[in-house]
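The values are calculated or read from the model by the stated rules, or taken from the named source; none is laboratory data. This structure is a prediction, so every number in the text was calculated from the model and none was measured. Here the Cβ positions follow ideal geometry from the backbone for every residue, glycine too, while neighbour counts run over all protein chains shown. Accessible surface areas use protein heavy atoms only, side chains included; no ligands, DNA or RNA. Shrake-Rupley method; radii C 1.70, N 1.55, O 1.52, S 1.80 Å.
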Amino acid sequence: MAAAGHGSPSSSLPRRDPPRPPRDGYGVYVYPNSFFRYEGEWKGGKKHGRGKLLFKDGGYYEGEFTDGEITGEGCRIWASSGNTYSGQFVLGEPQGRGIMKYKAGGCYEGELSHGMREGYGHLVDRDGQAYWGWFHDNQRHGQGHMVFRNGDEYEGDWVRDQRQGHGVLRCADGSTYEGQWHGDVFSGLGRMTLCSGAVYRGMWINGHPAAQARRIVILGPEVMDVAQGSSFDLNVQLQQDSGEVAESEDGRVLKISAGVRYVQLPAYSEVSFFKVDKDNPETPFQTPFGFECIAYPLWSPKSGALEPRAALESARGDPLLPRGDREPAAASDTSRGQRDIPGGPPGEALGCEPHCPEDCRRVEQGCARFSDVCLGPPPPGYSPVLFLDGPREKAGGRPRGGLGPGRTPTTQDPPGGSR
């Protein structure tokens, strides 16, 4: 019995070995996963020397290779982000010194580690703001100098991308702050000097002064009798809400002004008052006390001449006049007594230029003193008029209103001599 058997021929074809990378010299190699393609120098079957590694997503690296790794000087483009880096590489990552350009705008030049900003460098963001200083973990950290888009400059300590520690802020308007920071705001001891010359020194909490002046208080009686030509003094304090003097404030410029009360005179009144010429109309302005006033000039013996009309423009925006119905008396930035300080940076000058004419004083440790202030003669356009009962009855006139420096009589007051 014989059995005949024939084996089926093998259907498998001999396997083709994948192409091997070049051994030495210059060559091109496509990796089996087809994502990478390299063309450049080889040594011992490894990428070594200068070459270009292309990625299937469109990015590439071109530069130096060492023992098959991206190490040395080179340039890398990331297709996903569009960022470009030129500089030093270690094991495929930017490390050392280099320049990173961001597609969204801005660039960084300096030291890197594992692809992140680490060490000293210069960063310009998309808005044009520039920073020179130290970085850690891709954030500003340590000593640094920052120029902001609005022109402000900061130089000092940074912690995790925020100003923290000691630093100096120089604002574009000339104001400066030097002191402690926390969480990117003033916090701790610091000194703020405004462009007006006003200064605040002391504690800051969350960007605000802890002992900021809230009101201006004129010391002394609420009403003063002032005669024309005689001098008088005014003492002014900047006070906190608690009533304590804001000794941490210096340099705030206070300005005094005077006004004549605008009154309605009864028919029998014998009061000397001012009449404003028609050619020089003066519009009364409202005061915080419920009556209107016309600006009246102040005079100082130091100057030997009349001051300009006392802050008429400022008074219209912030009427600051004496309380009571007396002779034209001087007032300060605020009413006789006290008034809240308008909002704004601490120590800001109110209604006055940074220089100090005779009717202005700079605050020192929360206090200011105006000495030898006098009421000047009536300005041009002001005419003194005396009404008497007889002439007024003969003329049949009855004044409807006027500018009265004397105390305003009431209907119960008997006629009396002029004050």
Just name the residue that is farthest from Asp57 (Cα to Cα) out of those in the stretch 75-101 that are under 39 Å from the mean Cα position of the chain (by Cα) and either free of Cβ contacts under 8 Å to residues at least 12 places away in the same chain or open to solvent by 70 Å² or more (accessible area, probe 1.4 Å) (or both).
Arg97
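Say we look at the stretch 182-211 and pick out the residues that are open to solvent by 40 Å² or more (accessible area, probe 1.4 Å) and outside any strand (DSSP E or B); which of these is farthest from Asp250 (Cα to Cα)?
Across the stretch 182-211, the extreme among qualifying residues is Asp184.
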Picking from Gly119, Gly179, Gly165, the residue that is of a type in the set (Gly, Ala, Ser), modelled with pLDDT of 95 or more and crowded, with 16+ Cβ neighbours inside 10 Å would be Gly179
Quick check on the stretch 16-31: of everything there that is under 11 Å from His48 (Cα atoms) and open to solvent by 90 Å² or more (accessible area, probe 1.4 Å), which residue is modelled with the highest pLDDT?
Tyr26
Check whether at least one residue in the stretch 219-233 is more than 22 Å from Phe186 (Cβ to Cβ), among the aliphatic types (A, V, I, L, M) and in a strand (DSSP E or B), and report yes or no.
no
Restricted to the stretch 223-259, and to residues that are open to solvent by less than 40 Å² (accessible area, probe 1.4 Å) and hydroxyl-bearing (Ser, Thr, Tyr), which residue is nearest to Cys195 (Cα to Cα)?
Ser248
Out of (1) on the phi > 0 side of the Ramachandran plot; (2) crowded, with 16+ Cβ neighbours inside 10 Å; (3) not β-branched (Val, Ile, Thr), what's the single condition that is false for Leu53?
(1)
Does at least one position in the stretch 58-68 carry a residue that is surrounded by fewer than 15 Cβ atoms within 10 Å (Cβ to Cβ), out of contact with any Gly (no Cβ under 9 Å at 6 or more places or on another chain) and of a type in the set (Gly, Ala, Ser)?
yes
Is there any pair linking a residue in the stretch 40-61 that is under 15 Å from Thr84 (Cα atoms) to one that is among the basic types (Lys, Arg) and crowded, with 17+ Cβ neighbours inside 10 Å, with Cβ under 6 Å and at least six apart or on different chains, and which?
Tyr61/Arg76
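For the stretch 150-181, enumerate the residues that are outside any strand (DSSP E or B) and out of contact with any Lys or Arg (no Cβ under 6 Å at 6 or more places or on another chain). Explain how you work it out, then say what you get.
As a first pass, look at the stretch 150-181 and keep what is outside any strand (DSSP E or B): 150-152, 160-161, 171-175.
Within the stretch 150-181, Asn150, Gly151, Asp152, Arg160, Cys171, Ala172, Asp173, Gly174, Ser175 qualify.
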Report whether or not Asp157 is farther than 25 Å from Asp137 by Cβ, of a type in the set (Asp, Glu) and either free of Cβ contacts under 8 Å to residues at least 40 places away in the same chain or open to solvent by less than 30 Å² (accessible area, probe 1.4 Å) (or both).
no
Can you confirm whether the stretch 126-141 contains a residue that is among the small types (Gly, Ala, Ser), open to solvent by 40 Å² or more (accessible area, probe 1.4 Å) and more than 23 Å from the chain's Cα centre (by Cα)?
no
In the set His136, His166, His122, which member is touching a Cys at 6+ places or on another chain (Cβ under 9 Å), at negative phi and not basic (Lys, Arg)?
His122
